[in-house]
Amino acid sequence: MFTPWGYTVDDYSIPPLMSVSDFDSMTGGKYSGDLRVSQAIEAASQAVRNACGWHISPSLSCTAKLTASGKLAKLPAGYVSDVTSLKEDGTSLTDGDYEWRHDGLIRCCNFRNFSQRWDGLEVEYEAGYDSEAVPDLANAVMGIAEGVLAVAPGVMSESADGVSISYSASAQSVAAALTSQQLAALAPYRLVSTHAA
């Protein structure tokens, strides 16, 4: 499955960053039974991921095509747990040909540069945090989802003579309007790339 962040994940549906039961527990059951909770969590999770430029959690098998800059290339991930394969212009490289770091940086070894062709590198890797390692993400998602749930569905305002009706925003549009405080909380997970909001 190709993601909005420029890489693919292996035939996997990316789950929300928190479950409905965790949301109920964190909010003291305030929205228990509200059928909009699942949609609000999904919208909040997508907004967080879009702001950060990658899926963040859970750990997934990913494939990215990269254009290197000299000896270096950067995977679209904030945490990489393994690089399982690297091809340069279609040729598989061995572990001695390159090295990688957990922040997603890959370096060419053997006193040479990587290919400068567009998408000249194809990398298969494992990326993403286990949910237990990023509890602050659950707080961010909860806050955004609560903001979505606070917006009453349906008609938001009416006018009689001028016949003006406006509707409340969708869950996705409310979630996408992250505050500067929420963006600051996500700073440790944000990538500096063209895919980050």
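Read-outs: derived from the displayed coordinates by stated rules, not from any lab. Only a predicted model underlies this, so the values are computations on that prediction, with no experimental measurement involved. Virtual Cβ from ideal backbone geometry, glycine too; neighbours counted across all protein chains shown.
Convex hull volume per residue, computed on the Cα atoms of the stretch 60-127, equals 70 Å³.
Grab the alpha carbons of the stretch 1-108, take their convex hull, and tell me the volume per residue in Å³. Write down the numbers at each step before the final one.
Details: hull volume 12.3 nm³, N = 108.
Expressed per residue, the convex hull around the Cα atoms of the stretch 1-108 is 114 Å³.
Our summary gives the stretch 60-127 a relative contact order of 53 percent, counting only alpha carbon pairs under 8 angstrom and 6 or more residues apart. Each residue of the stretch 119-128 was assigned a 3J(HN,Hα) from its phi angle through the Karplus curve 6.51 cos²θ - 1.76 cosθ + 1.60 (θ = phi - 60°); the sequence is 6, x, 10, 10, 10, 9, 7, 9, 9, x Hz, with glycine and proline shown as x.
Annotation for the stretch 6-37: chymotrypsin sites (Phe, Trp or Tyr not before Pro) lying in DSSP loop with at most 15 further Cβ atoms inside 10 Å of their Cβ are Tyr12.
Applying both filters, DSSP loop and at most 11 other Cβ atoms within 10 Å, to the chymotrypsin sites (Phe, Trp or Tyr not before Pro) of the stretch 82-129 gives Phe111, Trp118. For Ser81, the residues whose modelled amide H falls within less than 5 Å of its own, excluding neighbours fewer than 5 places apart on the same chain, are Glu126, Ala127, Gly128.
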